Amino acid sequence: MQLIGTKWKPLVLFHLLDQPLRSGKLQKHINGISNKMFTQTVRELERDGLVFRKVYPVVPPRVEYGLTKRGETLRDILLSLDKWGVDDAASS
C-alpha cells in the first residue's frame, strides 16, 4: 500500500494499463489533478519502478509514460478495484 496508497497513483496506473500515454493525455484522463500533483505522482511511481518515462528528443518535448514489468504486476488488482467500484455504484 505504501507504493500505491495515495489518491492519484491508482488512477495513473489504471489509465496506463492498455498502453503508454503522452503526459498531457494521461493528465486529462485524471479529473481534478493539478499539474504539480501529477508531476509529483508520476515521479514517485517512476522512482518506485512502477512507471517508465520516455522523453523524445523533439521540439516541443514529448514525454510518454507507461507501466514497467513491475507495474504490470498490479493489473489484476487495479482491474478488481475498478470492477468493485462499478458494481458498488450500480448497487447504490
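The values are calculated or read from the model by the stated rules, or taken from the named source; none is laboratory data. All values reported here derive from a predicted model rather than from experimental measurement. Counting neighbours? That spans all protein chains shown, and the Cβs are built from the backbone with ideal geometry, glycine included. The area values use the complete protein model at the heavy-atom level, side chains included, leaving out ligands, DNA and RNA. Shrake-Rupley method; radii C 1.70, N 1.55, O 1.52, S 1.80 Å.
Taking each DSSP H run with n ≥ 4 as -39500 (n - 2.57) and averaging over every residue of the chain yields -15000 deg cm²/dmol at 222 nm.
Assuming charge only on the beta carbon of Lys and Arg (+1) and of Asp and Glu (-1), the dipole of segment 46-92 about its Cα centre is about 360 debye to the nearest 20. Taking every alpha-carbon pair under 8 Å whose residues sit at least 6 apart, the chain reaches a relative contact order of 31 percent. Helix 35-47 and the longest principal axis of the C-alpha atoms of the chain enclose an angle of approximately 90°.
Computed with a 1.4 Å probe over protein heavy atoms only, the accessible surface of the chain comes to 69 Å² per residue. The simple Förster model, with R0 at 30 Å and r as the Cβ-Cβ distance, assigns Gln40 and Trp84 a FRET efficiency of 0.65. Under a 5 Å amide H cut-off, with hydrogens placed 1.01 Å from N, Phe52 pairs with Gly66, Leu67, Thr68 among residues at least 5 apart or on other chains.
What's the angle, to the nearest 10 degrees (0 to 90), between helix 75-91's Cα axis and the longest principal axis of the chain? Its long axis makes an angle of about 50 degrees.
Here the chain exposes an accessible surface that is 55 percent carbon and sulfur, computed with a 1.4 Å probe and the other protein chains kept in place.
Around Arg22, under 13 Å between beta carbons, what's the net of Lys plus Arg minus Asp minus Glu among the other residues? Neighbour charge sum, excluding Arg22 itself: +4.
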